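The values are calculated or read from the model by the stated rules, or taken from the named source; none is laboratory data. Note that the coordinates shown come from a computational prediction; the quantities given were computed from them, not determined experimentally. Backbone-built Cβ (ideal geometry, glycine too); neighbour counts: all protein chains shown. These area figures cover heavy atoms from the full protein model, side chains too; ligands, DNA and RNA do not enter into them. Shrake-Rupley method; radii C 1.70, N 1.55, O 1.52, S 1.80 Å.
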Amino acid sequence: MTILAFTNATLVCPLGGVSTGNLIVENGAIAASGNIAIPADAQVIDLAGKTLAPALIDLGVFAVDPSACRFGGIARVGLMPDQSPVLDDPGIVRRAATSGKPDLWVHPIAAATRGLAGEDIGEMAINASAGARAVATGRSWIANAGVMRRVLAYAKDCGLAVIAHAEDGGLTQGAAATEGETATRLGLPAAPAIAEALAIARDLVLAEETGARIHFRQVTTAAGFDLIRAAKRRGVAVTCGITPAHLLLSDIAMSDFRTFAHLSPPLRDESDRQAALAAIRDGTIDVIASGHDPRGPEAKRLPFADSEPGMSGAETLLALSLGLVRDGLLPIERLFALLAANPARVLDIEAGTLAPCMPADLIVLDPETPWIIDADRMTARAGNTPFDKLPVQGKALRLFKGGTEIGADR
């Protein structure tokens, strides 16, 4: 039996808060933590006060990028179905589940409809048996309410959450920005921010009627957050997520036509960004995810409206999120609920905390380590980040997956 002991650690757990002590790993799982004795035959790692926390679970990535995840302290990803081929077949789902080995746990999210076309319901039960942990509408909204109702009902019967894209496609088609002063000044095709609230309102009604679990992958507007709050008060099984980009940037970041700031959903105005920060404070937002969707030069070195939306986010997720703790918006244990425990709940996996018997997916973290985000030095498939050249603090120094060190520093 392999025993690993982390000593003199600052332990951060979404369930237990912050404490000091030791943590024991036996055969890839957490055995105990706190002021506990160290077994004589344990391999000891003295952390000298550094932080030990659950490794991140990045919900809703569009690419399996082990090196980027390793740098960012991510041990598990929920992989969106928007792949080539689409994750709508059990064989494809099963292959996706092994695509990150040995460095990364990949949890496939199957297509809610065949080919993500929004018409025929996907084979959810079969795909779930092949390893799918949820189903998703992908980058698009399902326009047909009847189809979406059947998706939600079928997913409920299969015990799966539905991960939905929250933009009414009838309003956003062809748009590259949010309607407002910035889009008007730049002459960009734009859609009203209300497109998000319209999509959320319809899907919440359907989720409430069917009793299904629904997770809106990204909610970015004040109107959207108000709908989520109201639905939670009514007892609807709804959760929502956001990326650091939508928390920290407004549409002003597009002012120089920099395509690295072309995202989906697009960046919003400052009032919506402030509403997002308020939603972090009050618990409306359940998940912070990277939105990892790396795009190469052929997709980004184009006029803004012709470029493809997306950003590389896995390497910067932890450092950017730690800024919320330094700014006093939330304590660090709540941050790790947003980055680890809550994504695990959406995917219905046992992970994301330091509780006994949980997989020993762990990061050794120094929240104060300074570094500069540099798109040219990122290890991801592409370095298209709207945060290029931004100084940040906080770094995963070491990464453990199932008790085996992967290594997060470079």
Q) Of the numbered conditions (1) part of a helix (DSSP H, G or I); (2) closer than 28 Å to ALA396 by Cβ; (3) touching a Pro at 6+ places or on another chain (Cβ under 6 Å), VAL93 satisfies every one except a single condition; which is it? A) (2)
Q) Does GLU270 satisfy the condition of being surrounded by fewer than 19 Cβ atoms within 10 Å (Cβ to Cβ), more than 30 Å from LEU15 (Cβ to Cβ) and modelled with pLDDT of 95 or more? A) yes
Q | Matching residues, region 202-217, being without any contact (Cβ under 8 Å) to a residue 40 or more places away in the chain and surrounded by fewer than 17 Cβ atoms within 10 Å (Cβ to Cβ) | A | VAL205
Q: Take region 96-117 and flag every residue that is open to solvent by less than 20 Å² (accessible area, probe 1.4 Å) and part of a loop (DSSP other than H, G, I, E, B).
A: GLY100, LEU104, ALA112
Q. Taking region 29-46, which residues are closer than 30 Å to GLY241 by Cβ and either open to solvent by less than 20 Å² (accessible area, probe 1.4 Å) or modelled with pLDDT under 95 (or both)?
A. ILE30
**Q.** Selected residue (criterion: nearest to LEU206 (Cα to Cα)) from residues of region 114-167 that are within 22 Å of the chain's Cα centre (by Cα) and among the hydroxyl-bearing types (Ser, Thr, Tyr)
**A.** THR137
Q.
Give me the residue from region 53-90 that is open to solvent by less than 20 Å² (accessible area, probe 1.4 Å) and in a helix (DSSP H, G or I) and, out of that set, farthest from GLY122 (Cα to Cα).
A. PHE71
Q.
Show me the helices (runs of 4 or more DSSP H) entirely contained within region 296-398 in which 2 or more residues are within 17 Å of the chain's Cα centre (by Cα) and touching a residue at least 60 places away in the same chain (Cβ under 8 Å).
A. 317-326, 332-336, 342-347
Q | Filter result for SER321 (in contact with a Ser or Thr (Cβ under 8 Å, 6 or more places away or on another chain) and either open to solvent by less than 10 Å² (accessible area, probe 1.4 Å) or modelled with pLDDT under 95 (or both)) | A | no
Q: Report yes if ALA289 is at pLDDT 95 or above and under 14 Å from the mean Cα position of the chain (by Cα), otherwise no.
A: yes
(Q) Name the single residue that is nearest to GLU270 (Cα to Cα) among those in region 218-237 being in contact (Cβ under 8 Å) with a residue 40 or more places away in the chain and open to solvent by 50 Å² or more (accessible area, probe 1.4 Å). (A) ARG229
Q. Within the bounds of region 7-23, is there any residue that is more than 25 Å from VAL287 (Cα to Cα) and open to solvent by 50 Å² or more (accessible area, probe 1.4 Å)?
A. yes
**Q.** Identity of the residue in region 118-127, open to solvent by less than 30 Å² (accessible area, probe 1.4 Å) and part of a helix (DSSP H, G or I), that ends up farthest from GLY159 (Cα to Cα)
**A.** ASN127
Q | Filter result (over 8 Å from ILE3 (Cβ atoms) and out of contact with any Gly (no Cβ under 9 Å at 6 or more places or on another chain)) within region 18-30 | A | VAL18
Q: Look through region 146-166, keep the residues that are within 13 Å of GLY211 (Cβ to Cβ) and touching a Gly at 6+ places or on another chain (Cβ under 9 Å), and return whichever of them is surrounded by the most Cβ atoms within 10 Å (Cβ to Cβ).
A: LEU152
(Q) Among the listed residues ARG133, ARG114, ARG150, identify the single one that is under 30 Å from LEU362 (Cα atoms), in contact (Cβ under 8 Å) with a residue 12 or more places away in the chain and charged (D, E, K, R). (A) ARG133
(Q) If I filter region 344-352 for residues that are crowded, with 17+ Cβ neighbours inside 10 Å and among the charged types (D, E, K, R), do I get at least one hit? (A) yes
Q) Among the residues of region 372-391, is any among the small types (Gly, Ala, Ser), modelled with pLDDT of 95 or more and open to solvent by less than 30 Å² (accessible area, probe 1.4 Å)? A) no
Q: Could you check GLU26 against (1) surrounded by fewer than 21 Cβ atoms within 10 Å (Cβ to Cβ); (2) at positive phi and say which number it fails?
A: (2)
